[in-house]
Amino acid sequence: MKRAANGRSSGGLDPALAEWALARARAEGASAAEVLLVSAESLSAGVRMGEVEKLKSSRERRLGLRVFVGQSSATAATAELEQTSLDDFIRNTIAMARLTAPDPWSGLPDPTLHPATLPDLDLRDSAHAIIAAEQALQIARECERAALGSDPRIRNSEGAEFSSGVYEILFANSSGFSGSYAAGNFHLGAAPIAQADDGAMQLGHWSTSARHFAKLEDAAAVGKVAAARALRRLGARKIKTTRAPVVFDPDMAASLIRSLAGAASGPALYKRASFLVDRLDTQVAASAVTIIDDGRMLAGLGSKPFDGEGLATNRKPLVERGILKTYLLDCYSARKLNLAPTGNASRGTADSPGVSPTNLYLEPGSYTPEQVIGSVARGLYVTELIGFGINAVTGDYSRGASGIWIENGELAYPVQEITIAGNLKDMFLGIEMVANDLRWRSSVVAPTLKLSEMMIAGE
Amino acid sequence: MANEPAQPEKFFLNRFGMTEGSLERVLGNALERKADYADLYFEYRNAEALALEESMVNHTSKSISQGVGVRVCADDRTGYAYTDEVTVDRLQIAAEAARAIADERGAALAPVRVGAPLPRHRLYELDSTPLDIPLEERARLLTQIDETARALDPRIRNVMASFAAEQRVIMIVTSDGRIAADVQPLCRLSVTVIAEEAGKGRQVGSFGGGGRVEWKYLFEQDRWRDYVHKAASQALINLDAVDAPAGEMVVVLGPGWPGILLHEAIGHGLEGDFNRKGVSAFANRIGQQVASPLCTVVDDGTLPNRRGSLNVDDEGTPTSRTTLIEKGILCGYLQDRLNARLMGMAPTGNGRRESFAHAPMPRMTNTFMLPGEATPDDIIRSVDRGLYAVSFGGGQVDITNGKFVFSASEAYLIEGGRITRPVKGATLIGNGPDVLTRVSMVGNDLALDSGIGTCGKDGQSVPVGVGLPTIRIDGITVGGTHA
């Protein structure tokens, strides 16, 4: 068995268990198999109005198995890891596979595609593992206190929460790949509520996430940003239905590229359930738009040394100066589309591989966010979007929005209970300005963007 | 699996070799500090799914999960710890982690004594569950669905169908000596079709259904064929859809699944936790008029075989029917035990959780509006210009400011009292505390949805139901693209 290691031990996960399960599967009649072992521990601590509200501690271990009998396959997951239970589990999974239709495109990756070595991507903080309850509560308390203290109109709170977790992944298949990695994450978020004299309330939310404890934003700063986001929504009004330019703040812009990545993913394409069918190497966005998927950024929130099928992750443009350069593919969708897999297989223990971006970002431009807003005579700066009004098949887009109305290049007054609508195909082509304010707040990020025009529905 | 559904509480004790005495000791350990209450939540879940795409049933999956959650409550604080290794030792470790929420000082409560199992409803006593049906037979249905859909119209280019079935066995043991258990079957059939026509592009249509039902449910009244027809007709109709209008207008909602309006606009805002904390737009509004007198809205977890129904909630409380709005007046909240106690109210059987990995919170079950007097035809005829929406995707609400959305996936223009052209999907946005004040007609055709809803809150998903008669809303903003 070829084993690739990333220089860190796989700790609680036993490679021998994976090897044993693969051998059992073969002995029971599977022609090929893969095993995914996951263990995770976490602790989260929440405070509300200065008082401790919740503590949650978790620990789980699961085994996922995918077996092939010829071209038929089945996937199963269990938390019962004793060998006697696993014996039955493996037999039952193989029996399920035998009842599944043979699929000419199914199968493990071509073994030559597996990497021989894996990089250490610095996904685990060597100085901090799980932050103990007392310190976690103290951080959450400091964060919420800063929010509550920042303005007398911050009168209530949904609280602040700090969480930390570590997890380990071990993946092995019967064609000889075995790899493992350990990772951790830290997260702090606050949700204070501002209340106007007339009683109307608005929630503001802000958070910070990182692989390394020291990379988190300052707790008090997170609380203050959350409070400012609540306060600026006070007095929001509805506006008349109109067509106007729309500026997406970075988090809302990130939701747009997430939709694009979904439409560019292999399963959506071979089902013809995507507005990007047959659009490879064509212009799908304005020339100012370059979107990169990079699974190997050091300490990246979406980084991993190998994907859900044991293929190397990598860096590639999804969109380069407006041209769609690649789809995001696992091995199955790659075979169906007659393309090469892209290292974007995602895998939960109980499901066959799907596709997801790794670290996905829209490259920053040269404008400051102020310049972008300043370029708009009258339009919408959108800071919140709700609902599921995105049709991936057609690209039709219609979501509930709130934000700030722009008058003569200035943020004038908050607005709410409106929708913005268009079609993602036109929206990406209509990106007129890209700002320089890219921040790695999550695994999918974008800077402030200006879209030339959307329909805004209100009164 | 649970061979003794009549006594599900025995399932865990037998399976993990535990006794009531050992559970009493774990609860005693959980309460060692100054706590009010502790409970243990045992769960064993067996789930299987099959999926068809491109005319092949090429995906099958199975998941077995089990674990225990230990909760300790002290005032308004909650400590929660869970483990998927179900041993007394692991439970003691979890109990120690959960009790860290409570103050060090203070005397322990009296020793825990577990009593006899509590009564529960009998809403889904099935002779067999879909998990008992051979996989081949389940696969055969998906193949029939594919053939049926493709035969309907040559423009149907792709069919995706899936069938998911699960059985959950749960047991709740509490520090006040209650023990409750339940076996909860659940299944769902989903059909999605893609239609394509030269010059008109591609469109999607979806439908499905299920519940806490036997396999034969899908065949009674030709249900599965009905799902296929509805999915196909939605995709085909949408090929001809014109741009949806933008702006405020009269909207008529069809019966059934459009009840998602109530779920988003009303239901979430009336969950006890948000109201205890005063963070809901509905806080302190009991007794006030929040809807037209035509509107009575209930949440009912006791409807037999429904997806949102439960014999007991995830805290062991039997579910109930709670009137949320009666003739326009706000009259009730949905409660779990913690929030009911802190608000001085009674639990309503709405304490739910996604799994043993989550603490319970107030959640909806089946939420619907009672029927009125108008006929659906009268309601359509009353509209000079408006939108008639019959099918929806998902919805979402901002609890604090009350603004909610839900997105139509099949809708038509009403012109001169007649349904005319199909329009593209659009999101509708409104304000929870006042949208129902604009309801001017309520139909006599109450229908519940077909059993497809899943509600997300704070990262936890639970199955729910909704229902609505045809209603007329005199003004709501439609987020189309056409001025």
*Selection of trypsin sites (Lys or Arg not before Pro), segment B:208-290, meeting DSSP coil and at most 16 other Cβ within 10 Å*: B:R285
*If you average 1/r over all unlike Cα pairs in segment A:141-198 and invert the result, what Kirkwood radius do you get in angstrom?*
14.8 Å
*Going through segment A:17-89, which GluC sites (Glu not before Pro) have at most 11 other Cβ atoms within 10 Å and a DSSP loop state?*
A:E82
*Please give the net charge around B:L270, taking every other residue with its beta carbon less than 10 angstrom from that of B:L270, where Lys and Arg add +1 and Asp and Glu add -1.*
-1
*asked:* Restricting to Cα atoms and excluding each atom paired with itself, what does the Kirkwood estimate give for chain B in Å?
replied: 23.8 Å
*When each pair of different Cα atoms in chain A is counted once in the 1/r mean, what is the Kirkwood radius in angstroms, to one decimal?*
24.0 Å
*asked:* Expected output is a single nm value to one decimal: the length gained when fully extending between B:D434 and B:Q7, i.e. 0.36 nm times separation in residues minus the C-alpha distance. What is it?
replied: 149.1 nm
*Work out the FRET efficiency for A:S287 and A:N338 from their Cβ-Cβ distance, taking R0 = 35 Å, and round it to the nearest 0.05.*
0.75
_Test item: Cα-centred dipole of chain B, Lys/Arg +1 and Asp/Glu -1 on Cβ, debye_ = 420 debye
*Over what distance in Å are the Cα centres of segment B:377-446 and segment A:80-113 separated?*
47 Å
*asked:* Counting only helical runs of four or more DSSP H residues, what would the 222 nm mean residue ellipticity of chain A come to if each run contributes -39,500 (n - 2.57) and the total is spread over all its residues?
replied: -6500 deg cm²/dmol
*For segment B:82-172, what is the charge dipole size about the Cα centre, in debye to the nearest 20, if Lys and Arg each add +1 at the Cβ and Asp and Glu each add -1 at the Cβ?*
300 debye
*Among the listed pairs A:K304/A:K425; B:K277/B:K457; A:K325/B:K200; A:K336/A:K425, those beyond 28 Å (Cα-Cα)*: A:K304/A:K425
*What order do you get for B:D39, A:D103, A:D151 when you list them from fewest to most C-beta neighbours inside 10 Å?*
A:D151, A:D103, B:D39
*Determine which aspartates and glutamates satisfy two conditions relative to A:K224: a Cα distance under 15 Å, and not lying fewer than 8 residues away in the same chain.*
A:E142, A:E144, A:D151, A:E158, A:E161
*Of the GluC sites (Glu not before Pro) in segment B:94-175, those whose Cβ has at most 15 other Cβ within 10 Å and which sit in DSSP loop*: B:E104, B:E125
*If each residue's Cβ is checked for other Cβ atoms within 10 Å, how do A:C143, A:C331 rank with the fewest at the top?*
A:C331, A:C143
*Rounded to whole Å and sorted largest first, what semi-axes of the equivalent ellipsoid does the C-alpha gyration tensor of segment B:349-483 yield via the square root of 5 times each eigenvalue?*
30, 17, 14
*Can you give the relative contact order of chain A as a percent, counting alpha carbon pairs under 8 Å and 6+ residues apart?*
16 percent
*With Rg and the Kirkwood Rh both taken from Cα atoms, where does Rg over Rh land for the protein assembly as shown?*
0.94
*Among the lysines, which have Cα under 19 Å from the Cα of B:K230 when same-chain residues fewer than 8 positions away are ignored?*
B:K424
*Which percent, to the nearest 5, of DSSP beta bridges fully inside the protein assembly as shown are antiparallel?*
90 percent
*Roughly how big is the protein assembly as shown's charge dipole about its Cα centre, with Cβ charges of +1 (Lys, Arg) and -1 (Asp, Glu), in debye to the nearest 20?*
620 debye
*Cubic angstrom per residue, convex hull over Cα atoms of segment A:84-129*: 187 Å³
*Return P(r) of segment A:138-247 (all Cα-Cα pairs; 5 Å bins starting at 0; whole %; ordered from short to long distances).*
2, 12, 18, 13, 12, 10, 9, 8, 6, 5, 3, 2, 1, 0
*asked:* So for chain B, averaging the separation of alpha carbon pairs under 8 Å that are six or more residues apart and normalising by length, what relative contact order in percent results?
replied: 16 percent
_I need the shape label for segment A:15-230. Rule: rounded when a/c is under 1.5, else prolate if a/b > b/c, else oblate, with a, b, c from the alpha carbon gyration tensor._
prolate
_How charged is the neighbourhood of B:G416? Take every other residue with its Cβ under 10 Å from the Cβ of B:G416, and add Lys/Arg as +1 and Asp/Glu as -1._
+1
*Normalised contact order of segment B:162-213, rounded percent, pairs of Cα under 8 Å and 6 or more residues apart*: 33 percent
_Quick one: the Cα spread of segment B:246-479 along its three principal axes, in angstroms, biggest first?_
53, 33, 30
*Between A:M454 and residues 5 or more places away or on another chain, which pairs have amide H atoms under 5 Å apart, with H built 1.01 Å from N, and which residues are they?*
A:A244, A:V246
*Return, for the Cα atoms of segment A:386-459, the radius of gyration and Dmax in Å, separated by a comma.*
13.6, 37
*Note down the net charge around B:V252, summing +1 for each Lys or Arg and -1 for each Asp or Glu among other residues with Cβ under 14 Å from its Cβ.*
-2
*asked:* Using only the Cα atoms of segment A:204-271, what semi-axes does the equivalent ellipsoid have when each is the square root of 5 times a gyration tensor eigenvalue? Give whole Å, largest first.
replied: 29, 26, 8
*Lys/Arg Cβ at +1, Asp/Glu Cβ at -1, dipole of the protein assembly as shown taken about the Cα centre: which of A:L337, A:A79, A:G308 is farthest positive-ward?*
A:L337
*Going toward the positive end of the dipole of segment B:269-415, with +1 on Lys and Arg Cβ and -1 on Asp and Glu Cβ, which of B:G278, B:P362, B:I399 do you reach last?*
B:G278
*Can you tell me the equivalent ellipsoid semi-axes for segment B:8-239? Use √(5λ) from the Cα gyration tensor, largest first, whole Å.*
48, 19, 14
*Work from the charge dipole of segment B:56-183 (Cβ charges, +1 for Lys and Arg, -1 for Asp and Glu, about the Cα centre) and give the residue of B:P117, B:A74, B:S63 farthest towards its positive end.*
B:A74
*Measure out, as a whole number of angstrom, how far apart the alpha-carbon centroids of segment A:337-351 and segment A:183-224 sit.*
34 Å
*Enter the per residue convex hull volume of segment B:159-286, computed from alpha-carbon coordinates, in Å³ rounded to the nearest integer.*
201 Å³
*asked:* List the residues, sorted by chain then number, that are 5 or more residues from A:S352 or on another chain and whose placed amide H is less than 5 Å from its amide H.
replied: none
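Any read-out appearing in this document is the output of simple, stated calculations on the displayed coordinates, not a laboratory observation. Note that the structure is predicted; figures quoted are calculated from it, not measured. Cβ sites come from the backbone with ideal geometry, for glycine too, and all protein chains shown count toward neighbours.
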